[in-house]
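This report refers to the structure that appears directly beneath it.
Derivation of every value follows stated rules applied to the coordinates shown; laboratory data play no part. On a predicted model such as this, the values are computed, not experimentally measured, just so you know. Here the Cβ is made from the backbone with ideal geometry for all residues, glycine too, and neighbour counts use every protein chain on show.
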Amino acid sequence: MAYEETYIEGRNAVIEAFRSGKTIDKLYILDGCQDGPMATIRREAKKNGSMIKFVGKERLDQLSRTGKHQGVIAVCAAYTYAELEDILEVAKAKQEDPFLFLLDGIEDPHNLGAIIRTANLAGAHGVVIPKNRAVGLTATVARTSAGALNYTPVAKVTNLGQTIEELKKEGLWFVCADMNGTGMYDLNLKGPIGLVIGNEGEGVSRLVKEKCDMTASIPMKGDIDSLNASVAAGVLAYEIVRQRMS
């Protein structure tokens, strides 16, 4: 199956894309370009939580498919995002306690794709990602998910901490992966739960961690001190699966 992002090139085309409500994951803008239309584009990007990358003309020429980029190329999501309510509806329809993955700033598309794949296989009802400082649903993510994106809804939210507070009102508990947390085998991970996985380098941010009810550590016997984000997500997810099945 081929997954293609849509590339939109040129100032007016990009402004129109924002105004028509298209989900733009990433913008490539010519470094140093400060004119009126570009200011409008940057304002729209900020409002919509699109990631901006300032690049040289050579890079834009390389990315351009039309040769008429006018200093800006927008990359639209390869997939449509779900709403948070859609994910909770999936759990309700299956008559199961909600089980969600919340990802705090995953930047590597291969990691995001692998986590979505794991979420699907572990029976999670959906994945929640933040709008800023994180990768969106690119073609690489879709390919790495090995088709899981067709079945597992992904919601994009402005503020992960606020989303956790909203989901707590729906009865969910939250556990985040943390090297200094309680051993995962000593925690009760049953019931409606959100599994929070942090950024590849820094882990879960302090503000998000403070919103969580529990922190879980994975027992490690080796000589290095951390697991890849997608592997950690898999290990913790399957402890949740084990407890839900028992």
Mind telling me which of the residues Thr163, Thr215, Thr140 ends up being in a helix (DSSP H, G or I) and within 17 Å of Leu102 (Cα to Cα)?
-> Thr163
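Tell me the residue from Leu227, Leu149 that is surrounded by 14 or more Cβ atoms within 10 Å (Cβ to Cβ) and outside any helix (DSSP H, G or I), please.
Values: Leu149 fails: outside any helix (DSSP H, G or I).
Going through Leu227, Leu149 in turn, the sole match is Leu227.
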So which of Ala146, Ala155, Ala139 is touching a Ser or Thr at 6+ places or on another chain (Cβ under 9 Å) and among the hydrophobic types (A, V, I, L, M, F, W, C)?
-> Ala155
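I need the strands (runs of 3 or more DSSP E) fully contained in segment 2-110, keeping only those with at least 3 residues that are surrounded by fewer than 18 Cβ atoms within 10 Å (Cβ to Cβ) and under 23 Å from the mean Cα position of the chain (by Cα).
Numbers: elements: 6-9, 24-30, 51-55, 72-76, 99-104.
Once the strands (runs of 3 or more DSSP E) in segment 2-110 are filtered for at least 3 residues that are surrounded by fewer than 18 Cβ atoms within 10 Å (Cβ to Cβ) and under 23 Å from the mean Cα position of the chain (by Cα), what remains is 51-55.
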Would you mention how many residues in segment 193-224 are small (Gly, Ala, Ser) and surrounded by fewer than 20 Cβ atoms within 10 Å (Cβ to Cβ)?
-> 4
